[in-house]
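Note sheet for the following structure.
The values are calculated or read from the model by the stated rules, or taken from the named source; none is laboratory data. These numbers were taken from a predicted model, which means no experiment stands behind them. Neighbour counts are summed over all protein chains in view; Cβ atoms, including those assigned to glycine, are modelled from backbone coordinates with ideal geometry. The accessibility values were calculated without ligands, DNA or RNA, using every heavy atom of the protein model including side chains. Shrake-Rupley method; radii C 1.70, N 1.55, O 1.52, S 1.80 Å.
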Amino acid sequence: INAEYGDCQIQRMSCRWSRVVCIVVARLALCTLALQPDESIKCSVIVAGGSMASLAAAITAAEAAPELSVCFTEPTDWPGGQLTAGGDPAVDFGPGHYDARPENMPRSLRQMLGSIPGNPGACTISTMCYNPAWLVDSWIMPRLSRSPNLQVFVRTAIVGVQRSGGSVVSLTGVQRSPKNPSHEWSVPLSRDLEDWYSPDESERFTKRVLSLIGPDDAVRPVLIDATELGDVLGILGMSSQGVEVPSELSDTSNWRCGQAATTSFYMQLAPASRPPPLPPQPPLLDWDWGSNKIQNASEWVSSWVWRRAQCADPVNATACPPDAFWNPSEAQVVNVGDVSQQDKGNALTTGYFLLDRTAVSNQIAQGGWKGGVNLTVLHMLESRSRSWFEYVTKTSRYQSPYLRNRLALSTHTSGTLHGLSKWPYLRDSRRCSRGIESFRLAFNGTMNYQNESAPLLGYRFHDAVGLANAFVHSYPLMTDPECPTATAYPAYLWADNQTKPFWIPLRALTVQNFTNLLVAGKTMAQTAHANDATRKHTGEWTSGVAAGGVAVLMARNQWSSTDAYHNVAAVQGFLNSTHVGQPLDWDI
């Protein structure tokens, strides 16, 4: 089919596409392709997932409103985002660990973390490191399966959004099924991702197209974009990305300069009698490891225990001392059965994971939305991670000359045959450019607020719907020639990074000019600097709980997001009730 519409030209398209819809955003014609679905599913609430926030939103909406049909999509087969597939199983608590106190946690987060026995990894970066495969099997999937009104669609990529004016009518996803399940995760993501978004059957997957629609013809669903790539916002052309310049509240941002991404992996020590077979290695690049260089035994041990996900004997303090990072001389033993998560040296600072607006429009025009990802950068990210594995293996000689031949990738922990995590750890993503009332959550003046009546706390918004607390860490693309640190990353990013326990407002969960669309996690209406604080585990989960609860009230009462804001007292009462269990006041 050859078709030309305005500035968009579509060629050699599969006949699965039923029509071409063009929308004009910022003088760029963005073509979205509407597919003929294999199945239509009725949903009162749709959670477009992939992130930690999406898991929280789906659980909240389904459990707080058993009379509503909740549909939850997930691009991998491990819901949870950075908790699981994203390879960051070390919970980042904020300053003072106020967000680690049970009274400051959403009930569902408290229950999930309570299912983890202590600190199974005896790691040093956090008080809680765990095996992600265990969490998926032991808590996440059983929790999702206990709600009969919740439909979970794993292995589903979002490829289309149908709208009517300022209302979302339906969501289109492509769900894949592996032809050889035992080899599903044998291919790195950079080689598979475009296939995930394609509706056509491939060598590796069969496909079906799903249309998620409202509960009946007269009622439209409430949609939450809590994807890792901002799929819904990207398709609609309602997103921003990168860093705002020259000030945090500027309307201009550098789309090519955001946060460095990481692909994690897990290392294990095999018994001496059974050295592990290593999979074939692709050609590896020679990287400069900078400040992450390992130069002695103490530094090697520190790297091993920094994010250790599983200790062979967490009860025995001599086998897995919790203070090994600070006193490496006390921890010269690496145990058979340890699993060490590694992301200390594999952040990629030479390229941005997301395509800019022009490249996205070209991608859509050439065959439809495919996540808006720079596949070259993704491949570089994977290469850097494999190279870091080789580097840590080689430098094990500082610890013991016998370790090198016994160190291997823990494929069971990553859930992949290639040994890398199923999904990258993304520190930022596409985010909503504005919420209702043109609102954007900013860092300065809210999270570091000089509150005279409560000096330990940030600014309390009148429409507060959740609590968050985090250390702020920016990871600029320091070696990307398109993003010179001195000019692409303004000074305000480094001027004041001291956060206080803060609040997430309802307006940050809304999308300007859309009545039934919410956002959560990294897609919130916020600045890049605010994202530095909200992207951590507890803040992202809290935003998902809030979005799930707001979606329930919108679906029940046929409210728009503006109606929810105007009834914020009712929203806050519902969130803080036993139906949801979201704390709204800090106990410090």
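Which residues, counting only those in region 457-471, are in a loop (DSSP other than H, G, I, E, B), in contact (Cβ under 8 Å) with a residue 60 or more places away in the chain and open to solvent by less than 10 Å² (accessible area, probe 1.4 Å)?
Across region 457-471, the qualifying residues are Asp463, Asn469, Ala470.
Can you name the condition, by its number, that Ala454 falls short on among (1) closer than 18 Å to Glu248 by Cβ; (2) open to solvent by 20 Å² or more (accessible area, probe 1.4 Å)?
Unmet for Ala454, out of (1) closer than 18 Å to Glu248 by Cβ; (2) open to solvent by 20 Å² or more (accessible area, probe 1.4 Å): (1).
Yes/no matrix, rows are residues, columns are (1) open to solvent by less than 40 Å² (accessible area, probe 1.4 Å); (2) closer than 27 Å to Leu83 by Cβ; (3) of a type in the set (D, E, K, R); (4) without any contact (Cβ under 8 Å) to a residue 60 or more places away in the chain:
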residue	(1), (2), (3), (4)
Ser543	yes, yes, no, no
Val550	yes, yes, no, no
Asn557	no, no, no, yes
Thr578	no, yes, no, yes
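Could you tell me which of the residues Arg191, Arg176 is of a type in the set (Lys, Arg) and under 17 Å from Leu35 (Cβ atoms)?
Matching residue, one of Arg191, Arg176: Arg176.
With respect to Thr510, determine if the residue is open to solvent by 80 Å² or more (accessible area, probe 1.4 Å) and β-branched (Val, Ile, Thr).
Answer is no for this residue.
Just to check your reading of the model, which residue among Arg406, Arg397 is farther than 24 Å from Glu482 by Cα, in contact with a strand residue (DSSP E or B) (Cβ under 7 Å, 6 or more places away or on another chain), open to solvent by 20 Å² or more (accessible area, probe 1.4 Å) and of a type in the set (D, E, K, R)?
Going through Arg406, Arg397 in turn, the sole match is Arg406.
Quick grid of which residues meet (1) over 27 Å from Leu68 (Cβ atoms); (2) assigned to a helix (DSSP H, G or I); (3) at pLDDT 95 or above; (4) out of contact with any Asp or Glu (no Cβ under 7 Å at 6 or more places or on another chain):
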{"site": "Ala486", "(1), (2), (3), (4)": "yes, yes, no, yes"}
{"site": "Pro490", "(1), (2), (3), (4)": "yes, no, no, yes"}
{"site": "Phe514", "(1), (2), (3), (4)": "no, no, yes, yes"}
{"site": "Glu540", "(1), (2), (3), (4)": "no, yes, yes, yes"}
{"site": "Ala547", "(1), (2), (3), (4)": "no, yes, yes, yes"}
{"site": "Ala555", "(1), (2), (3), (4)": "no, yes, yes, yes"}
{"site": "Asp563", "(1), (2), (3), (4)": "no, yes, yes, yes"}
{"site": "Ala570", "(1), (2), (3), (4)": "no, yes, yes, yes"}
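From the list Ala122, Ala157, Ala133, which residue is at pLDDT below 95 and either surrounded by 21 or more Cβ atoms within 10 Å (Cβ to Cβ) or under 28 Å from Gly230 (Cβ atoms) (or both)?
Answer to the selection: Ala122.
Please pick out the residue among Ala533, Ala491, Ala520, Ala528 that is free of Cβ contacts under 8 Å to residues at least 12 places away in the same chain and either open to solvent by less than 40 Å² (accessible area, probe 1.4 Å) or of a type outside the set (D, E, K, R) (or both).
Ala491
I need a count of the residues in region 234-273 that are in contact with a strand residue (DSSP E or B) (Cβ under 8 Å, 6 or more places away or on another chain) and under 30 Å from Asn405 (Cβ atoms).
Of the residues in region 234-273, 9 are in contact with a strand residue (DSSP E or B) (Cβ under 8 Å, 6 or more places away or on another chain) and under 30 Å from Asn405 (Cβ atoms).
I'm trying to understand the selection: among the residues of region 216-254, which are free of Cβ contacts under 8 Å to residues at least 12 places away in the same chain and open to solvent by less than 40 Å² (accessible area, probe 1.4 Å)?
Ser250
Please work out which one of (1) closer than 23 Å to Asn576 by Cα; (2) hydroxyl-bearing (Ser, Thr, Tyr); (3) open to solvent by 40 Å² or more (accessible area, probe 1.4 Å) is the condition Tyr475 fails and give its number.
Answer for Tyr475: the failing condition is (1).
Could you check Thr485 against (1) touching a Pro at 6+ places or on another chain (Cβ under 7 Å); (2) farther than 26 Å from Leu233 by Cα; (3) buried (at least 19 other Cβ atoms within 10 Å of the Cβ) and say which number it fails?
Going through the list (1) touching a Pro at 6+ places or on another chain (Cβ under 7 Å); (2) farther than 26 Å from Leu233 by Cα; (3) buried (at least 19 other Cβ atoms within 10 Å of the Cβ), Thr485 breaks only (3).
Among the residues of region 429-437, is any hydrophobic (A, V, I, L, M, F, W, C), in contact (Cβ under 8 Å) with a residue 24 or more places away in the chain, outside any helix (DSSP H, G or I) and surrounded by 20 or more Cβ atoms within 10 Å (Cβ to Cβ)?
Yes: region 429-437 contains one or more residues that are hydrophobic (A, V, I, L, M, F, W, C), in contact (Cβ under 8 Å) with a residue 24 or more places away in the chain, outside any helix (DSSP H, G or I) and surrounded by 20 or more Cβ atoms within 10 Å (Cβ to Cβ).
Only one of (1) within 22 Å of the chain's Cα centre (by Cα); (2) without any contact (Cβ under 8 Å) to a residue 24 or more places away in the chain; (3) open to solvent by 30 Å² or more (accessible area, probe 1.4 Å) is not met by Ile116, so which one is it?
So Ile116 meets the others, but not (3).
Name the residue that is most open to solvent (accessible area, probe 1.4 Å), counting only residues in region 179-201 that are within 21 Å of the chain's Cα centre (by Cα) and not hydrophobic (A, V, I, L, M, F, W, C).
Arg191
So, of the residues in region 346-363 that are in a loop (DSSP other than H, G, I, E, B) and touching a Lys or Arg at 6+ places or on another chain (Cβ under 8 Å), which turns out to be most open to solvent (accessible area, probe 1.4 Å)?
Asp356
Can you tell me how many residues within region 61-89 are open to solvent by less than 10 Å² (accessible area, probe 1.4 Å) and in a helix (DSSP H, G or I)?
Residues flagged as open to solvent by less than 10 Å² (accessible area, probe 1.4 Å) and in a helix (DSSP H, G or I) within region 61-89 amount to 6.
In region 255-264, how many residues are crowded, with 24+ Cβ neighbours inside 10 Å and farther than 21 Å from His473 by Cβ?
The total comes to 0.
In region 200-228, what count of residues is obtained for those that are in a strand (DSSP E or B), of a type outside the set (S, T, N, Q) and modelled with pLDDT of 95 or more?
Result for region 200-228: 12.
Quick one: which of Arg204, Arg176, Arg146 is buried (at least 21 other Cβ atoms within 10 Å of the Cβ) and without any contact (Cβ under 8 Å) to a residue 40 or more places away in the chain?
Arg176
Hey, does region 92-99 have a residue that's on the phi > 0 side of the Ramachandran plot and either at pLDDT 95 or above or charged (D, E, K, R) (or both)?
no
Restricting attention to region 87-98, which residues are of a type in the set (Gly, Ala, Ser), over 17 Å from Gln310 (Cα atoms) and in contact with a Phe, Trp or Tyr (Cβ under 9 Å, 6 or more places away or on another chain)?
Once the filter is applied, which keeps residues that are of a type in the set (Gly, Ala, Ser), over 17 Å from Gln310 (Cα atoms) and in contact with a Phe, Trp or Tyr (Cβ under 9 Å, 6 or more places away or on another chain), region 87-98 yields only Gly94.
What pairs can you find where one residue is in region 401-421 and in contact (Cβ under 8 Å) with a residue 12 or more places away in the chain and under 14 Å from Ala309 (Cβ atoms), the other is acidic (Asp, Glu) and assigned to a loop (DSSP other than H, G, I, E, B), and their Cβ atoms are less than 9 Å apart, with a gap of 6+ or different chains?
Gly415/Asp77; Ser421/Asp88; Ser421/Asp343
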